[in-house]
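The values are calculated or read from the model by the stated rules, or taken from the named source; none is laboratory data. Quantities reported herein were computed from a predicted structural model and do not represent experimental measurements. Here Cβ is always computed from backbone atoms with ideal geometry, including for glycine, and neighbour counts include all displayed protein chains. For the accessible areas, the whole protein counts, side chains as well, though only heavy atoms, and no ligand, DNA or RNA atoms are used. Shrake-Rupley method; radii C 1.70, N 1.55, O 1.52, S 1.80 Å.
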Amino acid sequence: MSHNQLPPNQQLAAPGKWPVVGERRRASQPVPWRLRISGAVQTPGEWTLDQLQQLRPVTRRVDIHCVTRWSKLAMPVTGVPLARLLEHCQPREDARFLSFIAASERGHTTSLPADDIARLDPLIVWEADGAPLTEEHGGPLRMIVPGRYFYKSVKWLIGIELLPEDRLGYWEATAGYHNHADPWREERYVTAGVSRQEAARRIAARDFRGQDLLSIDAPGLDLAELQAAGALLRNANFRGCRLVRADFAGANLSNAHLAGADLTAANLREADCEGADFSGACLREADLRGASLFGATFVELRDGGHYNGAAVDRTTLVDDAALALLAPPQAEYLAARLAGAAQPE
Ligand SMILES: Nc1nc2c(c(=O)[nH]1)N[C@H]1C(S)=C(S)[C@@H](COP(=O)(O)O)O[C@H]1N2
Ligand SMILES: [Mo]
């Protein structure tokens, strides 16, 4: 896909801002940094960072699209194409998947089908935006996989293993993230974690505390005073729900659909609301202190106009730090309402 285009339901991150997502620190590694390619290959390979940097580096502009709805377009990165290293290793016939391994405490991984390498042309990079990668962004060495949500781009790359069968990555296995991850098709999540019957039972009880209800589908319901502290509600559909005084403290509401919901006096403290849609929701007296709001939507921007703005006023509690990380039009909208500006028509 060409540059300067946003896939569906993505927003540009604030200019010059590059949010840190997921792990922030690498696990300690022997010096010098090494990358190993192993598994279903004729010739396993090993390169130090120095050796990689001698391999005719390329600089390219890439678009990155995080599953939590922020994008950064045409970021310059420098590295070597993975395809070049694979040529050297000569993958075997049965090498149908690649598992990318990070130097991290949890041994973070992600994977791609081998057929996607030629199509996507991933890069192994050590520089971005004209400077060496910082540790929090995956330095000294990370993957950049254009054309897939950014969770397919591992930070602190130390190994690539070629495999006959897929090995599901960390987020794909634990967060319900889609294994194909094409942002142009909005492949963010696999479908619901619980059956319809089970979901109905939990909705009737109004008690979601600490439960994993990925992608639960509950639009238009009266869920006033719902108890959902610490619940895992990624991609949940609460469009148009009555959620007055609901308790979502510490819950994971990333990419949750809350458009038009009544969240008056709801507790969203320390909730992960990355990529959540609050357009047209009522957030009067709602408490979002400590909540993470990267990529969240409070107003829809179409054809140069503002539509379905959330009802936010001086009684809504939001940290300045969270505002600073929103896409600029969202931050402006929110800041004006929090300061007491009237709701636009
Ligand atoms: N080792 C490691 N790599 C990772 C992650 C992680 O948690 N650990 N998170 C992924 C996700 S979800 C995203 S969006 C990007 C974030 O990269 P950034 O922090 O440089 O923006 O890294 C990806 N690679
Ligand atoms: Mo992500």
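Some points to look at:
- Segment 263-274, residues that are surrounded by fewer than 24 Cβ atoms within 10 Å (Cβ to Cβ) and either free of Cβ contacts under 8 Å to residues at least 12 places away in the same chain or more than 19 Å from the chain's Cα centre (by Cα) (or both): THR264, ALA265, ASN267, ARG269
Matching residues to (1) within 24 Å of the chain's Cα centre (by Cα); (2) within 13 Å of ligand 1 (Cβ to nearest atom):
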position	(1), (2)
MET143	yes, yes
ILE160	yes, no
GLU165	no, no
ARG188	yes, yes
VAL194	yes, no
GLU198	no, no
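- Note on segment 217-232: among residues that are among the acidic types (Asp, Glu) and over 23 Å from the mean Cα position of the chain (by Cα), the one that is surrounded by the most Cβ atoms within 10 Å (Cβ to Cβ) is GLU225.
- Flag if LEU213 is in contact (Cβ under 8 Å) with a residue 24 or more places away in the chain and touching a helix residue (DSSP H, G or I) at 6+ places or on another chain (Cβ under 9 Å): no
- Residue match in segment 245-253 (condition: open to solvent by 40 Å² or more (accessible area, probe 1.4 Å), more than 24 Å from the chain's Cα centre (by Cα) and on the phi > 0 side of the Ramachandran plot): yes
- Residue match in segment 15-24 (condition: modelled with pLDDT of 95 or more and either of a type in the set (A, V, I, L, M, F, W, C) or within 16 Å of ligand 2 (Cβ to nearest atom) (or both)): yes
- Selection status of VAL145, β-branched (Val, Ile, Thr), open to solvent by less than 20 Å² (accessible area, probe 1.4 Å) and over 17 Å from ARG26 (Cβ atoms): yes
- Annotation note: Cβ proximity below 9 Å between a residue of segment 65-82 that is hydroxyl-bearing (Ser, Thr, Tyr) and away from ligand 1 (no atom under 11 Å from the Cβ) and a residue that is part of a loop (DSSP other than H, G, I, E, B) and open to solvent by 10 Å² or more (accessible area, probe 1.4 Å) (sequence gap 6+ or interchain) occurs for THR78/PRO57; THR78/GLY130.
Results for (1) open to solvent by 20 Å² or more (accessible area, probe 1.4 Å); (2) part of a loop (DSSP other than H, G, I, E, B); (3) within 26 Å of ALA281 (Cβ to Cβ), shown as yes or no for each residue.
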residue	(1), (2), (3)
VAL154	no, yes, no
GLU161	yes, no, no
ALA173	yes, no, no
ALA181	no, yes, no
ALA200	yes, no, yes
SER215	no, yes, yes
GLY240	yes, yes, yes
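- Sole residue being among the charged types (D, E, K, R), in a loop (DSSP other than H, G, I, E, B), open to solvent by 50 Å² or more (accessible area, probe 1.4 Å) and more than 14 Å from ligand 1 (Cβ to nearest atom), chosen from ARG56, ARG24: ARG56
- Those residues of segment 101-112 which are open to solvent by 40 Å² or more (accessible area, probe 1.4 Å) and in contact with a strand residue (DSSP E or B) (Cβ under 6 Å, 6 or more places away or on another chain), in sequence order: ILE101
- Those residues of segment 77-109 which are away from ligand 2 (no atom under 16 Å from the Cβ), under 27 Å from PRO7 (Cβ atoms) and under 20 Å from the mean Cα position of the chain (by Cα), in sequence order: VAL77, SER99
- So TRP47, is it within 16 Å of ligand 1 (Cβ to nearest atom), open to solvent by 20 Å² or more (accessible area, probe 1.4 Å) and either at negative phi or at pLDDT 95 or above (or both): no
- Pairs with Cβ under 6 Å, 6+ apart, first in segment 219-239 and under 13 Å from SER254 (Cβ atoms), second of a type in the set (Asp, Glu): LEU232/ASP212
- Some residue of segment 110-117 being in contact with a helix residue (DSSP H, G or I) (Cβ under 6 Å, 6 or more places away or on another chain) and within 16 Å of ligand 2 (Cβ to nearest atom): yes
- Number of residues in segment 285-299 that are of a type in the set (A, V, I, L, M) and surrounded by fewer than 24 Cβ atoms within 10 Å (Cβ to Cβ): the value is 1.
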